[in-house]
Amino acid sequence: MTTSPTLVEVEEAVPSGPLAPPTSGKRVVTTITRDKGALACLVFLAIVVLMAVAAPLITKLSGWGPYQFDSAAINSDLGGVPHGSLGGISGSHWFGVEPQNGRDLFARIVYGARVSITISLSATLLTGILGVVLGMLAGFYRGWVDQVISRLMDFLMAFPALIFMIAILSSLPSGNRPVLLVVVISVFGWPYLARVIRGQTMTLANREFVEAARASGAKDTQVVFREILPNLRGSIVVMTTLAIPGFIGTEAGLSFLGVGVSPPTASWGQMIASSVSWYSVDPMFFAIPGAFLFLTVLSLTVLGDKIRTLIDQGEAA
Amino acid sequence: MSDLFIVDDLTVTFPTSRGPVEVVKNLSFTVGRDDTLGIVGESGSGKSMTALAVLGLLPRGAQTSGSVRLDGTELLGKSERDLRAVRGNAISMVFQDPLSSLNPYYTVGLQISEMYQTHQGGSRRAAKQVAIEALERVGIPDPERRVDHYPHQFSGGQRQRVMIAMALCCSPSLLIADEPTTALDVTVQAQILELLAELQSTTGTGMIFITHDLAVISSIAQRVLVMREGDPVEYGTAEQVFSDPQHEYTRMLLDAVPRIDDEVPA
Ligand SMILES: Nc1ncnc2c1ncn2[C@@H]1O[C@H](COP(=O)(O)OP(=O)(O)OP(=O)(O)O)[C@@H](O)[C@H]1O
Ligand SMILES: [Mg+2]
């Protein structure tokens, strides 16, 4: 937000009642940086995002690329178990190597972060657009528009989405898997946001400032974009932040099931899937991507919850 | 005398599951330039529906018949687009609750100047100047600084002043005030009434003042229309209605009000 209200001395101020000012972005940031747990989550996420953004640079520093085989790091006599303890963690392979082919785990984690972040953020963006636009249309125009959109939402929410995703992703050509993943995840994801937006739009559309705007000659588009949309900002921020970890999980899950991003592209879910058969001989191969997935989802959820609390307080204050 | 605003035989009907319901029935009244009409009635008597019908803002499904003329131009049946040009420009409205009539996300200056630009065009800077002048006119101290404040930084009475500033910024010929003082406490009420009366006498705007409080009407209106369940019960000059109410219902309303002096306490 660019125009956060500055606190100035207020002449004969009254409690703000239903007219609460927006929670300022600044306040969210200061509160989170004061909370140790939230700050830890933020730092961890910053690291993951940095890994994703600077992946090629980082792997150049660490010395191994994600697709490079290092046959010296594995013991081919033992079926490809990494040399050394802890899955081959060493000075040159910071997180060890993949059994059997010796690809550097650190590099694959870094590139996997790229996949997770790109797919989940794109899915969030697409879900956000679909959810907000369709939810507002339904809530604002009511009538048959609402009927159509609401039935579609009911249908999509009642649909066994996972089975459908597996079916559709495995039957379509794997040409552009990431894009397909984003589209499929979003198609099933938007109704959850749209449902909330629809309800809030209905409430807002009956608020007096909307009527006042109409009474002063505002067009429908002005009412929607200038009066209603800004007041939905809080919910949109909260819902989408809390959706990101879900999408990361979904991507990992689908990749785990073999219908996500296709090899050799690295993905955390895929790494976990291939670690299953090595679980007893090389537990680190499972533990490292598992920990990254777990911590990323946890951090996002904790932060999302924090932001939700802050915005709720802001609206109730 | 050519009246500014003439409503003739206005009827508003809602289709309901139990058949059509007339919430405003055969209403006729006129408002002259520089004149105030008070519309009084209990809750649910159709006062707000009358105001909304005039602006073409009734909820979906409502049907209107009759005639509403401003300066000789018929408003009923005008296209949505033509009506938008009237709303806020030739006829503007002040609502009951100043707490919720302003959008919490924008500064009051932006809300006023945007409305001005919608109708009158002009540059952003000119519109902001208009907003500052409008705030000054309604008695907001230090308007140059206050234009950049958000609604929550104003008190209830000040917000209603802001609403009035906004309603008057395009110099409308008719101002409809729908219970503009109900949400305010008594002393602030008196100040707002005084402000409205004063602004009206300087700008020559016609005003429809809706309230369920006869005491308020007595201090501001020249003519009074009493409504009950959509029916016009009594219509006449304020003196007539107050000194010699013709209808039982009006007498009942008058008895319910503790008599106060006609002057607004300063
Ligand atoms: N959508 C609708 N469908 C059917 N009837 C309606 C609808 N909206 C309002 N009404 C009815 O119209 C009547 C008049 O309502 P209106 O809002 O004009 O009352 P009012 O005089 O302004 O009351 P108040 O003093 O409480 O504001 C009420 O009896 C109400 O039940
Ligand atoms: Mg009303």
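The values are calculated or read from the model by the stated rules, or taken from the named source; none is laboratory data. In this text, all values refer to a predicted model and were calculated from it rather than measured experimentally. Using ideal geometry, Cβ is built from the backbone for each residue, glycine included, and neighbour counts are taken over all protein chains shown.
Summary of computed values
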item	result
Residue list for segment A:140-186, restricted to those being among the basic types (Lys, Arg), assigned to a helix (DSSP H, G or I) and in contact (Cβ under 8 Å) with a residue 60 or more places away in the chain	A:Arg177
Boolean, B:Ala51 is more than 17 Å from the chain's Cα centre (by Cα), within 16 Å of ligand 2 (Cβ to nearest atom) and assigned by TED's automatic domain parsing to the domain that holds B:Met227	no
Test: B:Pro232 is at pLDDT below 85 and assigned by TED's automatic domain parsing to the domain that holds B:Glu22	no
Those residues of segment B:54-88 which are more than 16 Å from ligand 2 (Cβ to nearest atom) and among the small types (Gly, Ala, Ser), in sequence order	B:Gly56, B:Gly61, B:Ser65, B:Gly66, B:Ser67, B:Gly72, B:Gly77, B:Ser79, B:Ala85, B:Gly88
Members of segment A:207-227 that are in contact with a Ser or Thr (Cβ under 6 Å, 6 or more places away or on another chain) and in a helix (DSSP H, G or I)	A:Glu208, A:Phe209, A:Ala212
Which numbered condition B:Pro180 fails, given (1) at positive phi; (2) within 16 Å of ligand 1 (Cβ to nearest atom)	(1)
Segment B:42-74 - residue that is in a helix (DSSP H, G or I) and within 11 Å of ligand 1 (Cβ to nearest atom) and, of those, nearest to B:Leu225 (Cα to Cα)	B:Lys47
B:Arg18 vs. criteria basic (Lys, Arg), within 16 Å of ligand 1 (Cβ to nearest atom), exposed (fewer than 15 other Cβ atoms within 10 Å of the Cβ) and over 14 Å from the mean Cα position of the chain (by Cα)	yes
Matching residues in segment B:155-166 - criterion: being buried (at least 24 other Cβ atoms within 10 Å of the Cβ) and within 8 Å of chain A (Cβ to nearest Cβ)	B:Gln158, B:Met163, B:Met166
Options B:Val147, B:Val188: the member that is surrounded by fewer than 20 Cβ atoms within 10 Å (Cβ to Cβ), touching a residue at least 24 places away in the same chain (Cβ under 8 Å), of a type outside the set (Phe, Trp, Tyr) and more than 16 Å from ligand 1 (Cβ to nearest atom)	B:Val188
Sole residue being within 14 Å of another protein chain (Cβ to nearest Cβ), touching an Asp or Glu at 6+ places or on another chain (Cβ under 9 Å) and aliphatic (A, V, I, L, M), chosen from B:Leu27, B:Leu4, B:Leu52, B:Leu83	B:Leu52
Residues satisfying the stated conditions in segment B:26-48, i.e. of a type in the set (Ser, Thr, Tyr), within 13 Å of ligand 2 (Cβ to nearest atom) and surrounded by 15 or more Cβ atoms within 10 Å (Cβ to Cβ)	B:Ser45, B:Ser48
Which numbered condition B:Gly19 misses (of (1) within 16 Å of ligand 2 (Cβ to nearest atom); (2) on the phi > 0 side of the Ramachandran plot)	(1)
Segment A:209-240: number of residues that are over 11 Å from A:Met136 (Cβ atoms) and more than 12 Å from every other protein chain (Cβ to nearest Cβ)	5
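A quick yes/no check of all residues on (1) crowded, with 22+ Cβ neighbours inside 10 Å; (2) part of a helix (DSSP H, G or I):
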{"residue": "A:Thr241", "(1), (2)": "no, yes"}
{"residue": "A:Gly253", "(1), (2)": "no, yes"}
{"residue": "A:Ser262", "(1), (2)": "no, no"}
{"residue": "A:Ala266", "(1), (2)": "yes, no"}
{"residue": "A:Ser274", "(1), (2)": "no, yes"}
{"residue": "A:Ser277", "(1), (2)": "no, yes"}
{"residue": "A:Ile288", "(1), (2)": "yes, yes"}
{"residue": "A:Leu295", "(1), (2)": "no, yes"}
{"residue": "A:Val302", "(1), (2)": "no, yes"}
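Results for (1) over 26 Å from B:Ser43 (Cα atoms); (2) in contact with a strand residue (DSSP E or B) (Cβ under 9 Å, 6 or more places away or on another chain); (3) within 14 Å of chain A (Cβ to nearest Cβ), shown as yes or no for each residue.
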| position | (1), (2), (3) |
| --- | --- |
| B:Thr107 | yes, no, yes |
| B:Leu110 | yes, no, yes |
| B:Ala127 | yes, no, yes |
| B:Ile132 | yes, no, no |
| B:Val138 | yes, no, no |
| B:Val147 | yes, no, yes |
| B:Pro151 | yes, no, yes |
| B:Ser173 | yes, yes, no |
| B:Asp178 | no, yes, yes |
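Yes or no, residue by residue, for (1) buried (at least 23 other Cβ atoms within 10 Å of the Cβ); (2) farther than 29 Å from A:Asn206 by Cβ:
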| position | (1), (2) |
| --- | --- |
| A:Gly112 | yes, yes |
| A:Leu152 | no, no |
| A:Phe159 | no, yes |
| A:Ile166 | no, yes |
| A:Ser171 | no, yes |
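To keep it simple, each residue is scored yes or no on (1) charged (D, E, K, R); (2) in contact with a Gly (Cβ under 9 Å, 6 or more places away or on another chain); (3) more than 28 Å from A:Tyr141 (Cβ to Cβ).
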residue: B:Val12; (1), (2), (3): no, yes, no
residue: B:Ser45; (1), (2), (3): no, yes, yes
residue: B:Arg60; (1), (2), (3): yes, yes, no
residue: B:Ser65; (1), (2), (3): no, no, no
residue: B:Gly72; (1), (2), (3): no, no, yes
residue: B:Gln96; (1), (2), (3): no, no, no
